[in-house]
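Written out below as structure tokens is the structure these notes cover.
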Amino acid sequence: MIDPKDLSARFPGDFLFGVATAAFQIEGASKADGRKPSIWDAFSNMPGRVHNRDNGDIACDHYNRLEADLDLIQSMGVKAYRFSIAWPRILPDGTGPINEKGLDFYDRLVDGCKARGIQTFATLYHWDLPLTLMGDGGWTARSTAYAFQRYARIVMERLGDRLDSVATFNEPWCSVWLSHLYGIHAPGERNMEAALAALHHTNLAHGLGVEAIRDAAPSVPVGLVLNAHSIFPGSDGPADRAAMLRAFDFHNGVFFDPVFKGHYPPAFMEALGTQMPEIAEGDLATINRPLDWWGLNYYTPMRVADDPSEGAVFPATVAAPPVEESRTDIGWEICPSALRSLVEELYARYDLPDLYITENGAAYNMGIEDGAVDDQPRLDYYARHLSVCADLVGEGYPLRGYFAWSLMDNFEWAEGYRMRFGLVHVDYETQVRTIKKSGLWYGALAGRFPHGNHKAG
Ligand code: FCB
């Protein structure tokens, strides 16, 4: 087992170790204090969408257990907390009247972190779109981007004096492709034109959001959290290599290129441009605003092969088999070296600012035995990926911090509560929290920071 002390010596003394969560996955209290439904409330209440028809009504009841949960983070020795803000608490209809009680909750959250010496990394959009906005088409409607801009401004006017960092979006890949093309996440659409509309309007909302944040709270560092895919060809043959490049454009380039280069990938536009929604003059300049940082969420690599079938739609790929034998309980291949090559590739392709690993972690579903959770495989997953992070820091990449996904077991979207990603076990019957073996280990590492003169050692 990697000793936290040895691992800690490979990071600079000001490296930030945090834990991450998202509003819909932990808060519960779905009807409290003026909150109205989001698309995830509607989706999870529909048969056949979420495993076991689980929903977010109670989740980890974090809304009612805020202070105790912040005590838990502090007791683990963790110095930063990445959480998301629920748009339907702040603006229950997406537009229209502000719900002060919703803002009050995040006020208490931010102040509670400050009082405990925990830095706050807020994410404005982690997938809980106010359901009312679906009446206009949700993310397929351009108006949603402007609604997001107003929401971003309202949040930053209230919290901007105390936040340490803010991100506009979490994983637009999921809220665009997984939600509008593959139908796995809310709103469950399977339609290329809808997905392309959601793509451009999400990118536009990001840019408009950055403008509003900079205006309302100029001193808060602004970023964007992307689940960039580490993509490998299924073989060394030219067809699979070409497939890999198309997949890069489709899964990564459509987000990275507009944000960091100011245009969509040419091959993507060649294939699908005629189905894109209107790209108004000035949109790409809005999207291409410089950022203070970006976040990478990494779990597993993507392997693709060429799809030779006639009429195959861009990126015209099929899944290629995993290479590593080990998988987590959710079935995801474990491959720490793919994190390293991904960061190398992205910094080679783009001019990127400071980086935080904003999510990394593993699903293992073992429960409590004799009062403890022995989740050695999760501990090993963290140790191996953190070792890669230490290598990247050593190579000079501007990696400033790491957030474990997740603080505690929670509502894992379409998987419901059956997939557990927590450093802390949650008993959903009693809401009792139990720090797992991995959580104790991670806390021992995090607790050594910050230290010294900000040099490794
Ligand atoms: C990411 C999500 C996060 C969590 C992990 C396991 O895609 O951002 O909310 O569900 O996966």
Residue 176 vs. criteria more than 16 Å from the ligand (Cβ to nearest atom) and hydrophobic (A, V, I, L, M, F, W, C): no
From 17, 11, 24, grab the single residue that is among the hydrophobic types (A, V, I, L, M, F, W, C) and within 16 Å of the ligand (Cβ to nearest atom). 24
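Of these, 273, 183, 237, which one is on the phi > 0 side of the Ramachandran plot, surrounded by fewer than 22 Cβ atoms within 10 Å (Cβ to Cβ) and modelled with pLDDT of 95 or more? Break it down stepwise before answering.
Values: 273 fails: on the phi > 0 side of the Ramachandran plot; 237 fails: on the phi > 0 side of the Ramachandran plot.
Going through 273, 183, 237 in turn, the sole match is 183.
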May I ask you to list the residues in segment 395-408 that are more than 11 Å from the ligand (Cβ to nearest atom), within 16 Å of the chain's Cα centre (by Cα) and part of a loop (DSSP other than H, G, I, E, B)? 407
Restrict the check to segment 62-74 and report whether at least one residue is within 16 Å of the ligand (Cβ to nearest atom) and in contact (Cβ under 8 Å) with a residue 12 or more places away in the chain. yes
Name the residues in segment 410-430 that are assigned to a loop (DSSP other than H, G, I, E, B) and more than 11 Å from the ligand (Cβ to nearest atom), would you? 423, 427, 428, 429, 430
Determine whether residue 278 is more than 19 Å from residue 181 (Cβ to Cβ), in contact with a Cys (Cβ under 9 Å, 6 or more places away or on another chain) and not in a strand (DSSP E or B). no
Within segment 295-332, restricting attention to residues that are in a loop (DSSP other than H, G, I, E, B) and among the β-branched types (Val, Ile, Thr), which residue is nearest to the ligand (Cβ to nearest atom)? 330
Which condition number does residue 230 fail, the rest of (1) of a type in the set (S, T, N, Q); (2) more than 28 Å from residue 166 (Cβ to Cβ); (3) touching a Leu at 6+ places or on another chain (Cβ under 6 Å) being met? (2)
Selected residue (criterion: farthest from residue 62 (Cα to Cα)) from residues of segment 27-40 that are within 16 Å of the ligand (Cβ to nearest atom) and among the hydrophobic types (A, V, I, L, M, F, W, C): 39
Restricted to segment 184-204 and to residues being closer than 28 Å to residue 403 by Cα and part of a loop (DSSP other than H, G, I, E, B), the residue nearest to the ligand (Cβ to nearest atom) is 185
Any residue that is touching a Cys at 6+ places or on another chain (Cβ under 7 Å) and within 16 Å of the ligand (Cβ to nearest atom) - is there at least one of those in segment 338-359? yes
State all residues of segment 92-145 that are within 16 Å of the ligand (Cβ to nearest atom) and either surrounded by fewer than 22 Cβ atoms within 10 Å (Cβ to Cβ) or polar (S, T, N, Q) (or both); if no residue qualifies, say none. 123
So which of 167, 212 ends up being away from the ligand (no atom under 16 Å from the Cβ) and not in a loop (DSSP other than H, G, I, E, B)? 212
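Would you call residue 65 within 19 Å of the chain's Cα centre (by Cα) and among the basic types (Lys, Arg)?
Spelling it out, it is not the case that residue 65 is within 19 Å of the chain's Cα centre (by Cα) and among the basic types (Lys, Arg).
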Number of positions in segment 1-52 that are outside any helix (DSSP H, G or I) and loosely packed, with under 15 Cβ neighbours inside 10 Å: 9
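Taking residue 375, is it surrounded by 14 or more Cβ atoms within 10 Å (Cβ to Cβ), within 16 Å of the ligand (Cβ to nearest atom) and over 19 Å from the mean Cα position of the chain (by Cα)? Steps first, answer last, please.
On the way: surrounded by 14 or more Cβ atoms within 10 Å (Cβ to Cβ): yes; within 16 Å of the ligand (Cβ to nearest atom): yes; over 19 Å from the mean Cα position of the chain (by Cα): yes.
Yes: the conditions hold for residue 375.
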In segment 360-372, what residues are away from the ligand (no atom under 16 Å from the Cβ) and touching an Asp or Glu at 6+ places or on another chain (Cβ under 6 Å)? 366
If I ask for residues that are within 22 Å of residue 189 (Cα to Cα) and surrounded by fewer than 24 Cβ atoms within 10 Å (Cβ to Cβ), which ones from segment 53-91 would you list? 53, 54, 55
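The values are calculated or read from the model by the stated rules, or taken from the named source; none is laboratory data. As the structure is a computational prediction, the values presented were derived from the model and not from experiment. In this analysis, Cβ positions are derived from the backbone assuming ideal geometry, glycine residues included, and neighbour counts consider all displayed protein chains.
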